[in-house]
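Asks: Here it is, the structure in full.
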Amino acid sequence: MSITLHPDGRVIHGGINVTPKPMIDTFNFTATPSSAQTPVTDWARLTTSGFLFDGAYNTGMSLSSGVFTFPTTGRYLIIWAIGIYVTNNDSGIGFNLQTCTDGSTFSSITNIDEGDSGGHHCHLTHTHIAYITDTTNQKVRFATGSMTGGNIKGGTSQSYGNCTFLRLNDI
């Protein structure tokens, strides 16, 4: 197999770019909704933390009205975590990742939820790998569900919930 070196820094080996441009971006969930919300719109880009993260690395995600748009094609690892407080009987307070391929019609592809008779806190985490070939029409957003007996935890003094986007490689 041959290796091809390009002036822009790409190294192609076996037809694959083995030096893709990475991207890291993290958003904190800033509200505490107590009713279902689609899409979740209360996000703020993480700009500081205990390790002084200074915003997106390379060109980050775009965010508009709760909808995230990818900056370039590639495979992305999406990691999200959310705190939930169940106060009363609720069979499942949910937090879902939704995707679309046409720019506007979203559907849930994952779900994390918690429920019981009340009085406890929990923190849930999930991941998904997205294969992005069309940055105009392939988008993601989050939606909450149920919340008849509890709420999703959010805030600005610390991270109760967040989502992180990592660009893994070219396609």
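Values quoted throughout were computed directly from the atomic coordinates according to the rules given, and no laboratory measurement underlies them. Keep in mind that what you see is a predicted model, and the values were worked out from it rather than measured. Backbone-built Cβ (ideal geometry, glycine too); neighbour counts: all protein chains shown.
Asks: Would you tally the net charge around Val67, using a Cβ to Cβ cut-off of less than 11 Å, leaving Val67 out, and scoring K and R as +1, D and E as -1?
Replies: +2
Asks: Counting alpha carbon pairs within less than 8 Å and at least 6 residues apart, what relative contact order, in whole percent, applies to the chain?
Replies: 34
Asks: I've got another one for you. Based on the Kirkwood radius over alpha-carbon pairs, what is the Stokes-Einstein translational diffusion coefficient of the stretch 6-107 at 4 °C with 1.567 mPa s viscosity, in µm²/s?
Replies: For these conditions, the coefficient is 77 µm²/s.
Asks: Right, something else. Using 7 Å Cα-to-Cβ label points, what is the Lys21/Ala36 separation (nm, one decimal)?
Replies: 4.0
Asks: For a label point 7 Å from the Cα of Arg10 along Cα→C-beta, name the residues of the stretch 133-148 whose backbone N is under 18 Å from it.
Replies: Correct set: 133-135.
Asks: Now for a different question. Could you work out how far apart the two model spin labels at Ser157 and Asn88 are, taking each label as a point 7 Å from the Cα in the direction of the beta carbon, and quote it in nm?
Replies: Computed distance between label sites Ser157 and Asn88 equals 2.6 nm.
Asks: Let me know the charge dipole size of the chain about its Cα centre in debye, to the nearest 20, where only the beta-carbon of Lys, Arg (+1) and Asp, Glu (-1) is charged.
Replies: Taking the Cα centre of the chain as origin, the dipole is about 340 debye.
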